[in-house]
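The values are calculated or read from the model by the stated rules, or taken from the named source; none is laboratory data. Predicted, not measured: the structure shown is a model, and the values here were computed from it. Every residue, glycine among them, receives a Cβ derived from its backbone with ideal geometry; neighbour counts consider all protein chains shown.
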Amino acid sequence: MKRWIAAICLCLLAMPAWAQAPRHKVELACTPAKTALVYQCLVHVADPAGKPVEGADVTLSADMPSMPMAHNVKPVTARPVADKPGSYEAMLELEMPGEWLVKLQFRAPQRDLVTRKLDFQKDKVTPVRTQ
Amino acid sequence: MSDFAVGLISNIGMITFVALSAYLLLVSGSISFGQQAYFGLGAYAAGIATTLWDWPLALGLAFGALTGALGGGLVGALTRRLHGLYFAIATLAFAEMTRLALDLWRYQRPIGGELVGPDGPNGFAGIRRAFTDGWEPLSFMILIWVLLAGTMLVLILFERSRSGAALRGAGEDPVLARALGTDVARLRVNTAAAAGAIAGLGGGLYAHLNTYIEPRLFDVMLGVHALAYGIIGGLGTAFGPLIGVLIDIGILESSRLFQGWRMVVFGGLVALLLIWRPRGLLDEATVRRLRRLFTTPARHA
C-alpha cells in the first residue's frame, strides 16, 4: 500500500503542466472617461500569427496591489468595437486613482487569464509593467 | 452567481485566512503586525512550487502553508521572550524585512518561451496552475471556503481542548499559566508556527486565483487590516475574524455605502470598538452567554 501511495505521489510530482494551445496576444489600453473614476478600456486580441481574433468573450476586473482583496471592482464584459476587428471595449469603474492590476478573463475563443498592471490617474492611464 | 459575487466571496475567504492568523496570536496574548509576511511567503512558495517545479496544486498549497509555518515558527522562536510593544515591533520588522528581500529576489526560468518566476519588484506573473488545471472562479471559490471551513473547524476544536484552554490562559496571564505548569514559551512558538501556516495557505490560494503577486501586496496595510478584523469580530471564537471581514468587505466595501470615506469609517469603527468592546463583538463573555443560550440545561430530579 505504501509503495502505491509513493508511486502515485511520484507520478503527481512528475506530472507535466497541462498542454495548452499557443496563447493569443493581448493588448490593453485605458483612457479616462468623462465620469470621474470611470475608464474606457480597449482590449485588442490577436492570434500568435498577429491576425485579429473575433468573437472573444472577455471580462475585465481589477484589484489594487497596495491593498489586496479589500477593493472589489465590478467585473465588466467587453463588447466588440465596430469596424475594428479584434478590438473590444469596456467601461471600468474604479474606487480610487492609483495602480491597479487588471485581470482579463477570456472564456472564448480559448480560455485564458491575462493580467496587466496600469497606473490609473485622473487625466491619464499608463502601463506599469507588461506581463 | 455573478462574477462580482464570486470575486467578493473569494476575497472574503482569502483575507479571513490572514485575519485568523492574527487572531490566533491575539488569543495567545501577542499583537502581531507581521502576519502579511507569512501570507506572502506562502504565496511565493506555492507559486514557485506549482509554476517552476511543476508540482500539483494541492502539494503547492501545502508547501505554501509549510513555508508560512517555518517563517512563523522561526520568528516565534526568536521573539519568544518578547511581549507587548516589543513583540509587535519585532513582527513588523520581520515582515518589512521579508517584503524588502522579495523586492530584491530574482528566480526565473524559461517556460513556454517566457521567463517566469519572482522578478524582484516586478513581481511574479504566470502562476497558472489552477487555471490550466481547469479551476473556474466559482469552483476555486468553493475550494477557498472548504479549506477555510476546515481551518476554522480545527481552530474551534483546538480552542475547546486542554491545549486551547492553556493558550487562552497563557494569553490572559502568562505568569499564572507558567505557575500552573504551562510551558508558555513553547506554546507561543507553536502558536506562531500554526498562525504562519494559516496565513501561508491563504497566500497560496491568493497567488493561484490572481496568477500574479508582487512584494507590495504584502505590506503593513494587509497586516493592520488582519489585526483589525480580529479585534472587530471578537476574540471569543474563531468566527470573530470572519465577522470582522464580513463587516468591512462584505458590508462597508461591497455596498459602496460610504464611497471614498470607507477607510475613515473603518478606522473610526475600530477606535469605537476598542473603547466600547475592547475584545471585539464576540468576546469571551458574549460567547459564553451565547453557548448557555443554545445549550439545553440539564434537568435535575
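Does the range A:54-63 contain any residue that is part of a loop (DSSP other than H, G, I, E, B), at negative phi, small (Gly, Ala, Ser) and modelled with pLDDT of 90 or more? Scanning the range A:54-63, I find at least one residue that is part of a loop (DSSP other than H, G, I, E, B), at negative phi, small (Gly, Ala, Ser) and modelled with pLDDT of 90 or more, so the answer is yes.
Contact annotation: no residue pair with Cβ atoms under 7 Å, 6 or more positions apart or on different chains, pairs a residue in the range B:275-286 that is over 16 Å from residue B:244 (Cα atoms) and touching a residue at least 40 places away in the same chain (Cβ under 8 Å) with a partner that is among the charged types (D, E, K, R) and assigned to a loop (DSSP other than H, G, I, E, B). Among the residues of this structure, residue B:216 does not count as one that is in contact with a helix residue (DSSP H, G or I) (Cβ under 8 Å, 6 or more places away or on another chain) and without any contact (Cβ under 8 Å) to a residue 12 or more places away in the chain. Identify the residue in the range B:73-89 that is assigned to a helix (DSSP H, G or I) and surrounded by fewer than 18 Cβ atoms within 10 Å (Cβ to Cβ) and, among all such residues, is nearest to the other protein chains (Cβ to nearest Cβ). This residue is B:89.
Between B:164, B:171, B:150, the distinction of being without any contact (Cβ under 8 Å) to a residue 24 or more places away in the chain, under 22 Å from the mean Cα position of the chain (by Cα) and surrounded by 14 or more Cβ atoms within 10 Å (Cβ to Cβ) belongs to B:164 only.
With B:39, B:17, B:94 as the choices, which residue is out of contact with any strand residue (DSSP E or B) (no Cβ under 7 Å at 6 or more places or on another chain) and either surrounded by fewer than 21 Cβ atoms within 10 Å (Cβ to Cβ) or away from every other protein chain (no Cβ under 14 Å) (or both)? I'd like the intermediate steps shown before the answer.
Values: B:39 fails: either surrounded by fewer than 21 Cβ atoms within 10 Å (Cβ to Cβ) or away from every other protein chain (no Cβ under 14 Å) (or both); B:17 fails: either surrounded by fewer than 21 Cβ atoms within 10 Å (Cβ to Cβ) or away from every other protein chain (no Cβ under 14 Å) (or both).
After ruling out the rest, the residue left standing is B:94.
Each row is one residue, and each column tells you yes or no for (1) outside any loop (DSSP other than H, G, I, E, B); (2) closer than 30 Å to residue A:105 by Cβ; (3) at pLDDT below 95.
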{"residue": "B:7", "(1), (2), (3)": "yes, yes, yes"}
{"residue": "B:29", "(1), (2), (3)": "no, no, yes"}
{"residue": "B:42", "(1), (2), (3)": "yes, yes, no"}
{"residue": "B:46", "(1), (2), (3)": "yes, yes, no"}
{"residue": "B:71", "(1), (2), (3)": "yes, no, no"}
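Scanning the range A:95-124 for residues that are hydrophobic (A, V, I, L, M, F, W, C), in contact with a Phe, Trp or Tyr (Cβ under 6 Å, 6 or more places away or on another chain) and surrounded by fewer than 21 Cβ atoms within 10 Å (Cβ to Cβ) gives a single hit, A:113. Selection within the range B:241-277: residues that are modelled with pLDDT under 85 and assigned to a loop (DSSP other than H, G, I, E, B). The member of this set that is nearest to residue B:4 (Cα to Cα) is B:254.
State yes or no: is residue B:157 free of Cβ contacts under 8 Å to residues at least 12 places away in the same chain and either under 29 Å from residue B:10 (Cα atoms) or not in a helix (DSSP H, G or I) (or both)? Yes.
I need the full set of residues from the range A:78-99 which are more than 12 Å from chain B (Cβ to nearest Cβ), touching a Leu at 6+ places or on another chain (Cβ under 8 Å) and assigned to a strand (DSSP E or B), in order please.
Listed by number, the residues that qualify are A:87, A:88, A:89, A:90, A:92.
Test residue A:66 against the criterion of being of a type in the set (Ser, Thr, Tyr) and either in a loop (DSSP other than H, G, I, E, B) or more than 9 Å from chain B (Cβ to nearest Cβ) (or both), and give yes or no. Criteria met by residue A:66.
Listed by first and then second residue, the pairs with beta-carbon distance under 9 Å, at least 6 apart or on different chains, first residue in the range A:66-87 and in contact (Cβ under 8 Å) with a residue 60 or more places away in the chain, second in a strand (DSSP E or B), form an empty list. When residues in the range B:90-106 are screened for being part of a loop (DSSP other than H, G, I, E, B) and within 21 Å of the chain's Cα centre (by Cα), 0 of them pass. Here are some residues: B:143, B:104. Which one is exposed (fewer than 12 other Cβ atoms within 10 Å of the Cβ), of a type outside the set (Lys, Arg) and more than 14 Å from chain A (Cβ to nearest Cβ)? Of the residues listed, the single one that is exposed (fewer than 12 other Cβ atoms within 10 Å of the Cβ), of a type outside the set (Lys, Arg) and more than 14 Å from chain A (Cβ to nearest Cβ) is B:104.
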